[in-house]
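Comments concern the structure below.
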Amino acid sequence: MPVDIPATQAPAARHAPVPKPGDPLAIQVEGLHKSFRIPTHRVDSFKERLVRPFAARDYRELQALQGISFDVRKGEFFGIVGRNGSGKSTLLKLLASIYRPDAGRIRMAGRLAPFIELGVGFNMELTARENVVLNGVMMGLTPGETRRRLDAVIDFAELEEFSELKLKNYSSGMLVRLAFSVMMEADADVLLIDEVLAVGDASFQQKCADAFHAMKAAGKTIVLVTHEMATVEEYCHRAMLIDGGHIRQMGDPAETGREYLKLNFERGVDTGDQAPGEGAGGAQLLDCWLEDAAGERTTTLEHGERIRLRAEIEVEREATGLQVGFVLANADGLGLFEFGTPVQTEEGSDAIPAGTRVLVKADLENPLAPGRHFIHCGAQSTRGGGVYSYVHNALDFVVFGTVGTKGIVSIEHEIEATLEPERKP
Amino acid sequence: MTTTTPDAGLRDVNGPSALGGGRRRFFDLLWLMSVTEFRRTYFGTVFGYLWSLVRPLMLFGVLLFVFTQVFKVGSGLDDYPVLLLLGIVQFTFFQEATTAALTSVVAQEGVVRKTQFPRLVIPLATVLTSFFNFCLNLAIVLVFILAWGVEPMWTWLLFPVAVAALFVLTATVSMILSVLFVRFRDVAIIWTVLAQVLFYATPILYPLGLVGEEEFLSQRIEHLLMLNPLAVIFEQVRVWMLEPSAPTAAEAAGGALHLLPAVVIYLGVCAFAVWIFNREAPRIAEDL
């Protein structure tokens, strides 16, 4: 069966040379420290300064970066990831000479594009042409050079018809295209980029992807700050994870991406916030948790990692025909599947005496798509005793992974595509 | 780290500064920004430039009426209308430039916080834009002066010196205001009042050196006024451009030596501007 596989990369750029240790450095950062003074009471007028001369001295010191050291080689595509407030944007601003470091040293080779975000230098009152010239000069080109490149920039952005239009009349998509073209044309050696890749419509995105690969092939050094793990894995040679102003992980992008997701979800999960039990009583869920391969409790699972569910139930009244069941639901509350087991004593009797504690162990394959999931837990009698206990959202956990999947589960499958011999051109 | 790392070609990155990123880029940006803004403001719309003339001309009309018909301050002086016009055009430049520069750094927040941009360009470009407008206005005033019947004099050649002095003062005051406004937002209000005070503390409405019947200010007050660098400049412009017989700044001050305080104040403003701008420039992005 013929399958239409969209080409996602320009073929030539696929084989960009990978920078090796020993290649010349483009950026060298040693022991970078940066802290901010957050005034507990901000004094922003002279009047206040006069009335309360010492108010400004009350401040909290926020340590944004605490000793960051790394090297980026020439031609390297280097990713920086981290949670909000981890210091990654501060780092980028230090590299871009927007902030001044408290301590440490930054050294750089080649010409740096002084932007960390697209289109910041744009003046909405000016036409596209005027803005391109202004931006070019900001990037360190001479006005003459910029004017020579003007047409190429406008062409790349596909904005020929609108070049004399003021930017305030542009759509946001057009703005982004223009900004991106300006950056591409600046011809800087080192580029610092803060989350900009997912811009424009599909065809422009494709163009950007090609352009990025072309820049990679041309030996440009690029430092990219992003939340998008897929971007990091697609483009970056190396990636660095920053957490609380420290480097937590540096190296392989895929590994860094996984570490980042783990970090992200560890903190996002509330624990000990179980819904109160419902049911007629007779059994009580004491605890419910997930274990990792080493038997440690966890609230996060990597995509594909087996689900090791544990639950502890105390039987309060003698129960016959007791059955423990679980429902696995996704973040939308949709029940994905259920599973359960009857409880028997060691002698094979289904009459469980009061006071017994039951430990349930369930090991499941994990076809779940990345995201948050919930487990509801119930205990009931198969002999008409009704529901002893039901706890909605007894447990919630997060499946993390860098696979993007449409759908709620991914199922093992075989698929192949072949060309039909008689239809070959 | 590998020991064979060739780190040749690495240069220190020193963080943001007033001039940051090379002298050529600084001047390119300054020129381009001020010219673009000037074109946009004064030639973008039909009445663009004419519009900018309306304000000083209206002020001139009103003041001319009030001070020749109501208060009779200027009626003793033949050249009063041209003197008034020249003074208003000069002061309008000073006031408009400083007021625009005051908010300029804050208004360009995006550029300051997200790009490595030489900080000094921002207030200076605003001043330069106003200066281009000032030059156009001066051309009109010159036509007016000639039409009024003032004979061209060799001292007209000295006028650029006075304009340069006014430009430097305007630029340095703008530098101070623009960085102070980042931290203290009531600077805007304070400056509105202060500029008003300066307007009256400069001999624009009232000519100096009138005696006898026409005497308007006592000698003492005229001496005091000469503490104001703007007053010194304006008075000297009057002598050079319109009335060689009018008291020079030195005469109004009561002797050349008495001009010293004004000179010290002038240089003090310049030095303070350079010092505070250099001190604040690296921190602007954080304080915004």
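Given all pairs of different Cα atoms, what value in angstroms does the Kirkwood hydrodynamic radius of region B:88-234 take?
In region B:88-234 this quantity evaluates to 17.2 Å.
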Original post:
Got a sec to turn the phi values of region A:361-375 into Karplus ³J(HN,Hα) couplings, 6.51 cos²θ - 1.76 cosθ + 1.60 with θ = phi - 60°, whole Hz, x for Gly and Pro?
Top reply: 10, 10, 10, 10, 5, 10, x, 6, 6, x, x, 8, 9, 10, 10
**OP:** Measure up A:K166/A:K220; A:K20/A:K216; A:K88/A:K166; A:K20/A:K93; A:K88/B:K114 against 23 Å on the Cα-Cα distance and list the ones that go over.
**Re:** A:K166/A:K220; A:K88/A:K166; A:K20/A:K93
**OP:** Take the Cα coordinates of region A:75-265, assign each an equal point scatterer, and use the Debye formula without solvent to give log10 I(q)/I(0) at q = 0.09, 0.14 Å⁻¹.
**Re:** -0.34, -0.81
Original post:
Using the reciprocal of the averaged 1/r over all distinct C-alpha pairs, how large is the Kirkwood radius of region B:63-145 in Å?
Top reply: 15.0
Original post:
If one puts a single equal scatterer on every Cα of chain B and applies the Debye formula without solvent, what log₁₀ I(q)/I(0) results at q = 0.10, 0.13, 0.15 Å⁻¹?
Top reply: -0.60, -0.95, -1.19
Subject >> Surface/4 estimate of mean projected area, convex hull on alpha-carbon atoms of the protein assembly as shown, nm² >> reply: 49.0
Original post:
Given the convex hull of the Cα atoms of region A:24-137, what is a quarter of its surface area in nm²?
Top reply: 10.5
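Most exposed first by the Cβ proxy, i.e. fewest other Cβ within 10 Å, how do A:S410, A:S89, B:S218 rank?
Least to most surrounded, the residues fall as B:S218, A:S410, A:S89.
Could you list A:T299, A:T221 in order of exposure, starting from the residue whose Cβ has the fewest other Cβ atoms within 10 Å?
A:T299, A:T221
At R0 = 22 Å, how high is the FRET efficiency between B:R39 and B:L288 if r is their beta carbon distance? Nearest 0.05 is fine.
With a Förster radius of 22 Å, E is 0.20.
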Original post:
Most exposed first by the Cβ proxy, i.e. fewest other Cβ within 10 Å, how do A:C288, A:C377 rank?
Top reply: A:C288, A:C377
**OP:** Using a Gaussian network model of chain B whose springs link C-alpha atoms within less than 10 Å, name the residue from B:T92, B:T192, B:T129 with the highest mean-square fluctuation.
**Re:** B:T192
Original post:
Rounded to a whole number, what is D in µm²/s for region A:283-400 from Stokes-Einstein with the Kirkwood radius over alpha-carbon pairs (4 °C, 1.567 mPa s)?
Top reply: 88
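Values in this text are rule-based calculations from the coordinates and carry no lab data. Note that the structure is predicted; figures quoted are calculated from it, not measured. So basically every Cβ, Gly included, is an ideal-geometry build from the backbone, and we count neighbours across all protein chains shown.
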